[in-house]
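A.B. asks: Just passing along the structure, written as structure tokens.
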Amino acid sequence: MSVLYIAIPVALGIAGLALWAFARSVREGQLDDLETPAMRILHDDDGVRPPEE
Amino acid sequence: MPLTPCDHCGIPTPAGAPEAVEDSAGTFCCSGCATAYALIHSCGLEAFYGFADETRTVQSKPLRYAEFDRDDFLEAHSTLEASGDRVVTLGIDGMHCAACVWLLERLPQVVPGVSEARVNWRRATLTVHWTPGQAQLSSIADRVAKLGYRPFPLVSATTARGDQAGNRSRIIQLALAFAAAGNNMLIATGLYLGAFSHMSDGMLGLLRWASCIVGVFSLLGPGRTFFRGALAALRSRSPHMDLPVALGLAIGGIAGLVNTVLGQGEIYFDTLSVLVFLLLLGRWMQVRQQKRAASALDVLYRVTPRIAHRVDDDGVHDVPGDVLVAGDRVEVRVGDVVPADGEIIGGVTTCDQSVLTGESVPVTLRVGDQAAAGTTNLGAVIRMRVRAVGAATRIGSVLEEVERASTQRAPIVRFADRIAGWFVAYVLLAAGITFGVWMTLDASVAVDHTVALLIVACPCALGLATPLAISVALGRAARRKILVKGGEALQHLSKPGQLWLDKTGTITQGEMTVVQWHGDDADFARLAALEAQVVHPIATAVVRHAERLALPRPQAKVEAGVGGVTGMAGGHRIVAGHAGFVAQACGTPIPERFMKPATAWVHEGHSPLFVARDGEVVGVCALGDPIRDDARATVNALRERGWTVGILSGDHPSVVRSVGIQLGLEPEDCRGGLLPQDKVRIVEQRDASGPTVMVGDGVNDSGALMAATVGVAVRNGAEASMRAAPVYLGRPDLGALLELLDGARNTVKTIRITLGISLAYNAIAVTLAGLGTMSPLVAALLMPASSLSVIAVAISRRFVKSGV
């Protein structure tokens, strides 16, 4: 069971990392709009010509 | 050719157009709309059309966006990046699907100098990054418009940003609290199980320290808001729910920390972490449910049109409504909303000023008269010189009144907060007695027992009960198309008081209808043929009545449409209008047999419309705004529930009184001829015994809706009144009002029950802790049990008896 002396602090550290990542993504606005990116990913980038003017 | 709005998208569709679809379901502009309509109906989602009224717009030709390049406009609406690029967020009208997102985000490929374009689908906005030297905002907007969308500047960009930051930080705090609570519960499980299986001292210490670290993180991180709230409550000497919460958290935290360091006694961090999370959850739900009340500026923006036809030296140009300045000349077409206050310099027309005055009969305006922003031009094309724009207009001052009323509203003490003071006193008293008694019995456990009591007394379920019951009620009300913006409104509506109803559009149907016709049907058909070519509420009423009677429609040509209507119909010369107009046109007074019913109608609150054929008066019809079918029953039901009901209206006092009599109201409670300011004044004269509720629909009501304890806006009302009122009834029947009041009473009852449950749990827990029989395991079970039963009760109670 002595492995827990290492495992618990490591687990808490990983949880802290995950929280930091979550807070960062919220603060940067990655979670503000949950709908548009889902539409965006379906789009192909090719097939667009510059306008003829 | 008659134009019927497409039943799906609202675009006017000419009858018999090649692509139009007309079937038993309705009229559609194209087969795509017909399919969408059928699909929506087959899924049982017809409610869409009720909610979507305001959003369905009609496209017209692109505007001129030259003003977007003005320095002051750029300064107000866009921000400068460090790279020298500018960023603007524009609202976009006309986005429908993923294809629109795709199209708009290809803007950098279409307009040189644009580096990025991002759509936010939910908020219908487009954020554009561009390099000022290489592209101009006007050309970007122009390109977006040519793609078929309508870009417009967002007025509330800065306030929205502040709101967003607050929302983000709340979500982060909630996530931190949740992570801490979850981890601490895992650790606590280890500790409780370890107590049975004789865990080694080293392992025990590890788990206790881990729990301590997570707990302290939870208290000082997301839990900080409670300490801040408690400090503020102490400073302002107003009891607040944060005070007992902070007390429990602080004492538990300190005792837990001391015991962790000493390596003996209870640590309370698992309970404390869960507590912080549940309390934050309750608070977050409450904030989320309460929709942000928009500023008066935002409302103003919605009332005045987005497009104005400005008369420049080189012709008439369409420009966004908010770039007009005093001195500009603008053209206002038939059916348009007047974009600014100003003097008419060309044309004669009638104008629907109900938005300002509440008067449903249009007013005739000539050269030299003042036209007001927000009113609707019904008669003919006019030109006017702009005198005032934006907040300086009459409608702007009405909306400022709204703002004033909203800021002067007395701050409302939240329901649970009122008992918080008593709660603190009770907890402290119990703690004092426990400590005193145990000191005399066994001094070594006195501190432990007292701390245990203070922690179990922490009002977790109490803090959860009110927000939960309210958010459940708001959700259920919304399903019945009653939108309530905050729990306070429900709490106020639970007790009967004074209820003021607006007349036009609230008690009545809000549109002119032909109540009676005294004359020959053939003459009415001729009149209707003529009126079909005029834009006016009276004309619409006449045409609708003729369609209902299925009268034939002869050939007709309007010659003049101001003050009355004159023209040829079916080979006869028809003149229609008020008595003076028709008498003058015929050269003879109105015969007695038509004058007599007309006089009687006026007393009933209807307006007579006389009709002459070839110089001879041949008929008269009564036009009125009929009372809704359920109005009388609703008023009776309201009075049964103990409410005092009255009418406030801008219409003529005799009309208001006759409506009041039909509803069975006391004549002195039916007040007519009121200006918006008068309504505010009357509503503000509330008495202390109960709430003052205002029910109305127009912008002219919005000041009163704000000034009332609770304002209730009704369906089809002006946007301003919807924003001003904390409650919006999305159904045309007045029965929704009764449901709202019953639902409010039920909700407050639910809150009382849940508060009772949580207080009962609390009393048991405090008693056990005081007696020294509260083991940590019992505490760990009792806390979630109380929260769960509160949640169960709040969810299982109905909003109103018959239904959800």
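The values are calculated or read from the model by the stated rules, or taken from the named source; none is laboratory data. This one's a predicted model, so the numbers in the text were calculated from it and none came from an experiment. Positions of Cβ are generated from backbone atoms using ideal geometry, with glycine treated the same way; all protein chains shown enter the neighbour counts.
A.B. asks: Does B:Arg224 satisfy the condition of being charged (D, E, K, R), within 14 Å of chain A (Cβ to nearest Cβ) and over 23 Å from B:Trp422 (Cβ atoms)?
C.D. replies: no
A.B. asks: Restricting to region A:1-23, give me the number of residues that are more than 7 Å from every other protein chain (Cβ to nearest Cβ) and not in a helix (DSSP H, G or I).
C.D. replies: 2
A.B. asks: Here is a follow-up. Here is a list: B:Ala179, B:Ala188. Which entry is more than 28 Å from B:His449 (Cβ to Cβ) and surrounded by 17 or more Cβ atoms within 10 Å (Cβ to Cβ)?
C.D. replies: Matching residue, one of B:Ala179, B:Ala188: B:Ala179.
A.B. asks: If you don't mind, another one. Keeping to region B:496-523, report how many residues are surrounded by fewer than 22 Cβ atoms within 10 Å (Cβ to Cβ), in contact with a His (Cβ under 8 Å, 6 or more places away or on another chain) and not polar (S, T, N, Q).
C.D. replies: Final tally of qualifying residues: 2.
Here is a yes/no grid of residues against (1) in a helix (DSSP H, G or I); (2) hydrophobic (A, V, I, L, M, F, W, C); (3) modelled with pLDDT under 80:
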| position | (1), (2), (3) |
| --- | --- |
| B:Met95 | no, yes, yes |
| B:Asp163 | yes, no, yes |
| B:Asn167 | yes, no, yes |
| B:Leu174 | yes, yes, no |
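A.B. asks: Report every pair of residues separated by at least 6 positions or lying on different chains whose Cβ atoms are under 9 Å apart, first residue within region A:24-42 and facing chain B (nearest Cβ under 8 Å), second basic (Lys, Arg) and part of a helix (DSSP H, G or I).
C.D. replies: Taking only residues 6 or more apart or on different chains, the pairs are A:Val26/B:Arg168; A:Arg27/B:Arg168; A:Gly29/B:Arg168; A:Leu31/B:Arg168; A:Asp32/B:Arg168.
A.B. asks: Determine, yes or no, whether B:Gly696 is crowded, with 22+ Cβ neighbours inside 10 Å, small (Gly, Ala, Ser), modelled with pLDDT of 80 or more and under 17 Å from B:Gly505 (Cα atoms).
C.D. replies: Considered against the rule, which asks whether it is crowded, with 22+ Cβ neighbours inside 10 Å, small (Gly, Ala, Ser), modelled with pLDDT of 80 or more and under 17 Å from B:Gly505 (Cα atoms), B:Gly696 comes out as yes.
A.B. asks: Is it the case that region B:749-758 has a residue that's at pLDDT below 80, in contact with a helix residue (DSSP H, G or I) (Cβ under 8 Å, 6 or more places away or on another chain) and buried (at least 23 other Cβ atoms within 10 Å of the Cβ)?
C.D. replies: No; the residues of region B:749-758 include none that is at pLDDT below 80, in contact with a helix residue (DSSP H, G or I) (Cβ under 8 Å, 6 or more places away or on another chain) and buried (at least 23 other Cβ atoms within 10 Å of the Cβ).
A.B. asks: Give region B:559-606 a look and list any residue that's part of a loop (DSSP other than H, G, I, E, B) and either over 20 Å from B:His536 (Cα atoms) or of a type in the set (Ser, Thr, Tyr) (or both), or say none.
C.D. replies: B:Gly570, B:Gly571, B:Gly587, B:Thr588, B:Pro589, B:Ile590, B:Pro591
A.B. asks: When you look at B:Arg476, is it under 26 Å from B:Val655 (Cα atoms) and either touching a Phe, Trp or Tyr at 6+ places or on another chain (Cβ under 6 Å) or not in a strand (DSSP E or B) (or both), yes or no?
C.D. replies: So B:Arg476 does not fit the description; no.
A.B. asks: Among the residues of region B:733-765, write down those that are outside any helix (DSSP H, G or I) and among the aliphatic types (A, V, I, L, M).
C.D. replies: The answer is B:Leu734, and nothing else.
Yes/no matrix, rows are residues, columns are (1) hydroxyl-bearing (Ser, Thr, Tyr); (2) at pLDDT 75 or above; (3) closer than 23 Å to B:Arg752 by Cβ:
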| position | (1), (2), (3) |
| --- | --- |
| B:Ala431 | no, yes, no |
| B:Thr434 | yes, yes, no |
| B:Val437 | no, yes, no |
| B:Asp442 | no, yes, no |
| B:Pro459 | no, no, yes |
| B:Leu462 | no, no, yes |
| B:Ala465 | no, no, yes |
| B:Ala469 | no, yes, yes |
| B:Ala473 | no, yes, yes |
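A.B. asks: So A:Arg27 fits all but one of (1) over 30 Å from B:Leu204 (Cβ atoms); (2) out of contact with any Lys or Arg (no Cβ under 7 Å at 6 or more places or on another chain); (3) modelled with pLDDT of 80 or more; what number is the exception?
C.D. replies: (2)
A.B. asks: How many residues are more than 10 Å from every other protein chain (Cβ to nearest Cβ) and in contact (Cβ under 8 Å) with a residue 12 or more places away in the chain when one looks only at region B:181-200?
C.D. replies: Of the residues in that region, 7 qualify.
A.B. asks: For region B:209-220, name all the residues that are under 18 Å from B:Leu262 (Cα atoms), more than 9 Å from chain A (Cβ to nearest Cβ) and either touching a Gly at 6+ places or on another chain (Cβ under 6 Å) or surrounded by fewer than 20 Cβ atoms within 10 Å (Cβ to Cβ) (or both).
C.D. replies: Across region B:209-220, the qualifying residues are B:Trp209, B:Val216.
A.B. asks: Every residue in region B:80-91 that is under 17 Å from B:Ala141 (Cα atoms) and at pLDDT 80 or above, please.
C.D. replies: Residues satisfying the conditions are B:Asp85, B:Arg86, B:Val87, B:Val88, B:Thr89, B:Leu90.
A.B. asks: Name the single residue that is modelled with the lowest pLDDT among those in region B:259-281 being out of contact with any Gly (no Cβ under 8 Å at 6 or more places or on another chain) and closer than 30 Å to B:Ser200 by Cα.
C.D. replies: This residue is B:Gly265.
A.B. asks: So, one more: Given B:Arg418, B:Arg409, which one is farther than 30 Å from B:Asp678 by Cα, at pLDDT below 80 and not β-branched (Val, Ile, Thr)?
C.D. replies: B:Arg418
A.B. asks: Still on this structure, please answer the following. Can you tell me how many residues in region B:497-528 are within 21 Å of the chain's Cα centre (by Cα) and at pLDDT 80 or above?
C.D. replies: Total satisfying the criteria: 5.
A.B. asks: A further question on this structure: Return the residues of region B:101-140 that are in a strand (DSSP E or B), surrounded by fewer than 16 Cβ atoms within 10 Å (Cβ to Cβ) and more than 11 Å from chain A (Cβ to nearest Cβ); say none if nothing qualifies.
C.D. replies: Within region B:101-140, B:Glu116 is the sole residue that qualifies.
A.B. asks: Quick one: what pairs do we get from region B:92-109, first residue within 16 Å of B:Asp142 (Cβ to Cβ), second modelled with pLDDT of 80 or more and part of a helix (DSSP H, G or I), C-beta under 8 Å, 6+ apart or different chains?
C.D. replies: Correct list of pairs: B:Ile92/B:Leu104; B:Ile92/B:Val144; B:Leu104/B:Val144; B:Leu107/B:Ile140; B:Leu107/B:Arg143; B:Leu107/B:Val144.
A.B. asks: Out of all the residues in region B:448-458, which are in contact (Cβ under 8 Å) with a residue 60 or more places away in the chain and assigned to a helix (DSSP H, G or I)? Before the answer, list the steps.
C.D. replies: Step one: filter region B:448-458 for residues in contact (Cβ under 8 Å) with a residue 60 or more places away in the chain, giving B:448-449, B:451-458.
Across region B:448-458, the qualifying residues are B:Asp448, B:His449, B:Val451, B:Ala452, B:Leu453, B:Leu454, B:Ile455, B:Val456.
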